[in-house]
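This report refers to the structure that appears directly beneath it.
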Amino acid sequence: MKVLIAGLGAHREFGLMTLRDAGHYVGVLDTPDRVPVDLCDWWAPADVTDPASLTAAALAAPASFDAIVCWQELAVDAARQVALTLGVPSPRVPPGVFRDKAAMHARLAAAGLPSPQLGCADSHEDALRLASTLDFPVVVKPADGGASGGVAVVDDPTGLDAAIDVARAHSLTGRAVVDRYVSGPEFSVEAVTWAPGDTTIVAVTEKQTTAPPHCVEVSHVVPAALRTDQRDAIVRTVALTVDALGLGAGVTHTEVKLEPSGGVVIIETAARPAGGNIAKLVQLATGWNLYLAELAAVTGERLQPQVPTAPAAAIRFFGAMDGGLVVRPRYPIARSPEHVRRYLHELKYWAPSGVRVPPLRGNSDRLGYAIFAGPDEDVRRASADALGLGPEVRP
């Protein structure tokens, strides 16, 4: 099959290798800095937020594509429009719902599903009015951003103006939304929708983040450590969420929190495979390949999981809380504890030595990662002790 990825996003090597290994011809449209050219059969530069740019590039390709998918948060609506224009199967995503957090949470509220959103703020006055409806802290985020950029937890009114400015700068439409802050553990849910009302929950991923205000994700574990009743509540709520948002076919990545009361709150849902190498963890621990499942759903087929590699998988990201000069370690694996070496599945650095990096404020500021696979307790322990594998960052 000839598959066009109209909007690749960052660090999607696993997805590209998955499609290539399955025998598919792979074309990619995105900015040149994002495209690993050795992992695709054809690529071209394009503005992934502009349907006209994507359409023109797709029409200039040396092949006619059988399916179009999108793995880049900001490009979902544009990619769907290109697919409709060209008459090619793609994820069946209603326009303006998954990309716009205000529209998304309006649908959730109308369906009686648990949403933390207070409203959309086009000005500082709007934000203050929304935040004043309850006690601080609140969360300010772009209405249509991605990769956690421009998101901040605000503890009191004095920090609201700056947070609104940053969020609006990260928004394609210059808007920010204000949510109540939900305390409690955070999870993501990976799901495949084969047809309207027919959704399979593939995995629940446990997350660890830095402290507010930025709450950057620093580790994921699959499967999440949950009681049966907690997992059932999350699965049920996410299945209802996907239905309420109108997804006809494709994959979703839904972020949720469990409140101290036990309630499930939907933070947001993306109509694309999860980033942060969650898809690789899911395949290792469950046998489900989200990229192949997406392609199957888009083309009207179904897929079953393969045999898992291990009972659990985890990723630990490296980052510099205060920024500084990157110095890669020499022989990091040999100097690591035995349990870290034993369960290490993959180690990668994104930042070369000698580069000065900014403080860890979003997912794009992470410097690399280590992935572990094995028994649950061993994987969790190895991930917790993995920071010695990461690069040193000097002031």
A correct Karplus calculation of ³J(HN,Hα) over region 199-214, with 6.51 cos²θ - 1.76 cosθ + 1.60, θ = phi - 60°, whole Hz and x for Gly and Pro, returns 10, 9, 7, 8, 7, 10, 9, 8, 10, 10, 10, 5, 5, x, x, 9
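At a 10 Å Cβ-Cβ cut-off, how would you order Leu284, Leu4, fewest neighbours first? Mind dumping the intermediate values first?
Details: Leu284 23, Leu4 30.
Placing the least packed residue first, the sequence is Leu284, Leu4.
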With no solvent term and unit scatterers on the alpha-carbon positions of region 312-394, Debye gives log₁₀ I(q)/I(0) at q = 0.10, 0.19, 0.22 Å⁻¹ of -0.23, -0.77, -0.97
Diffing region 295-311: the Karplus 3J(HN,Hα) column from phi (6.51, -1.76, 1.60, θ = phi - 60°), in whole Hz with x for Gly and Pro, holds 4, 4, 4, 5, 9, x, 10, 10, 9, 10, x, 8, 6, x, 6, 8, x
Distance in nm between Thr173 and Thr210 label points, each 7 Å along Cα→Cβ, equals 3.0 nm
With only helices counted (DSSP H, runs n ≥ 4, each -39500 (n - 2.57)), the per-residue ellipticity at 222 nm for the chain, to the nearest 500, works out to -8000 deg cm²/dmol
The set of residues whose placed amide H lies less than 5 Å from the amide H of Val218, leaving out same-chain residues fewer than 5 positions away, is Gln208, Thr209, Thr210
Simple SL model, points at 7 angstrom along Cα→Cβ for Arg107 and Arg227; separation in nm is 3.2 nm
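With the Cα gyration tensor of the chain giving a ≥ b ≥ c as the square roots of its eigenvalues, does the rule (a/c under 1.5 for rounded; else a/b larger than b/c for prolate; else oblate) give rounded, prolate or oblate? Walk me through the intermediate numbers first.
Details: a/c = 1.25, a/b = 1.01, b/c = 1.24.
Taking the square roots of the gyration eigenvalues as a ≥ b ≥ c, the chain is rounded.
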Diffing region 358-375: the Karplus 3J(HN,Hα) column from phi (6.51, -1.76, 1.60, θ = phi - 60°), in whole Hz with x for Gly and Pro, holds x, x, 6, 10, x, 4, 6, 8, 6, 9, x, 6, 10, 10, 10, 9, x, x
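Test of understanding: ordering Leu86, Leu172 by Cβ neighbours within 10 Å, fewest first, what list do you get? Don't jump to the answer; show the numbers that get you there.
Details: Leu86 17, Leu172 14.
Arranged by neighbour count, lowest to highest, Leu86, Leu172 become Leu172, Leu86.
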Stretched fully, the stretch from Ala334 through Ser261 gains (0.36 nm per residue minus C-alpha distance, one decimal, in nm) 21.8 nm
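Of Lys207/Lys280; Lys257/Lys348; Lys2/Lys257, which sit over 27 Å apart, Cα to Cα? Please list the in-between numbers first.
Numbers: Lys207/Lys280 15 Å; Lys257/Lys348 29 Å; Lys2/Lys257 38 Å.
Table pairs above 27 Å Cα-Cα are Lys257/Lys348; Lys2/Lys257.
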Extension length gain for Val355 and Ala52 (0.36 nm per residue less Cα distance), in nm, is 105.4 nm
Label model pair Asp165, Gln304: point-to-point distance (7 angstrom along the Cα→beta-carbon line) in nm is 5.8 nm
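FYI, it's all coordinate maths here, none of it is from the lab. What you see is a predicted model; the values in this text were computed from it and never measured. Virtual Cβ from ideal backbone geometry, glycine too; neighbours counted across all protein chains shown.
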